[in-house]
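The values are calculated or read from the model by the stated rules, or taken from the named source; none is laboratory data. Predicted, not measured: the structure shown is a model, and the values here were computed from it. Every residue, glycine among them, receives a Cβ derived from its backbone with ideal geometry; neighbour counts consider all protein chains shown.
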Amino acid sequence: MKLVKEYNKQFMIDHFEKDKDLLIIAGPCSIESEEQMMRVAEKLVSLNIHYIRSAMFKPRTSPYSFQGIGFDGLEIIKKIKEKYPIKVVSELVRLNDIPIYEKYVDVIQIGARNMQNFELLKAVGKLKKPVLLKRGFGNTIEEWLNSAEYIMANGNEQIILCERGIKTFETATRNTLDISSVPVVKGLTKLPIIVDPSHASGRRELVTPLALASIAAGSDGLMIEV
């Protein structure tokens, strides 16, 4: 984790400067329809939220779960960007799709299930795009930061870390939010860390208290499913 630990710059992307702003990314887990996304984008803009979550592909644990609408969502993303002053965050799953994401997506997300897809990490490391790197639900903080190291070692320092909960024996929530990861990570690197309380809990009524707890712990932002 040499590069990640030695990173000593003031992290900045459009509408967000670490330690000065709170980065809010909001939107549905996956694009389902144009009407849905336009309605969400309009609301986010009215709230002065600058980043919309817009996944076209969704790797899922079960092969029978909804996997996303694929590149049918690309036209929706284009329309959102034409109509609203908002940045698109979308999950990259396949190496072959990189040219499309490079052209149309503002922040490339590497999801939990691809956190250790090292070829994908090396490839996004060669891009000049911010990368949102989610922690794998079965991975340690050290493994997570080593994944960030793959990206940084290939030239891209625009990395946003995202804690989204880990698997434990607890069944009351979908995952268990590792709130301690926020101060631990902040003690190891100056890269920003945000929290996804929606996926961590899987329960609507827990999103607000977990979001507040995350900010209290020092999180640089939130990723919220709406």
Report whether or not residue 44 is over 14 Å from residue 132 (Cβ atoms), out of contact with any helix residue (DSSP H, G or I) (no Cβ under 7 Å at 6 or more places or on another chain), assigned to a helix (DSSP H, G or I) and among the aliphatic types (A, V, I, L, M). yes
Taking the range 1-33 on its own, how many of its residues are of a type outside the set (A, V, I, L, M, F, W, C) and touching a Pro at 6+ places or on another chain (Cβ under 7 Å)? 1
Please specify each residue of the range 75-87 satisfying the condition of being crowded, with 20+ Cβ neighbours inside 10 Å and without any contact (Cβ under 8 Å) to a residue 40 or more places away in the chain. none
Filtering the range 185-214 for residues that are surrounded by 15 or more Cβ atoms within 10 Å (Cβ to Cβ) and either assigned to a helix (DSSP H, G or I) or at pLDDT below 95 (or both) leaves a count of 13
Examine the range 89-96 for a residue that is touching a helix residue (DSSP H, G or I) at 6+ places or on another chain (Cβ under 6 Å) and in contact (Cβ under 8 Å) with a residue 40 or more places away in the chain, and state whether such a residue exists. no
Neighbours by Cβ (under 6 Å, 6+ apart or cross-chain): first from the range 42-58, more than 13 Å from residue 27 (Cα to Cα); second in a loop (DSSP other than H, G, I, E, B): 57/68; 57/93; 58/30; 58/67; 58/68
Which of the numbered conditions does residue 31 fail, given that it passes all the others? Conditions: (1) of a type in the set (Val, Ile, Thr); (2) in contact with a helix residue (DSSP H, G or I) (Cβ under 8 Å, 6 or more places away or on another chain); (3) without any contact (Cβ under 8 Å) to a residue 40 or more places away in the chain; (4) not in a helix (DSSP H, G or I). (3)
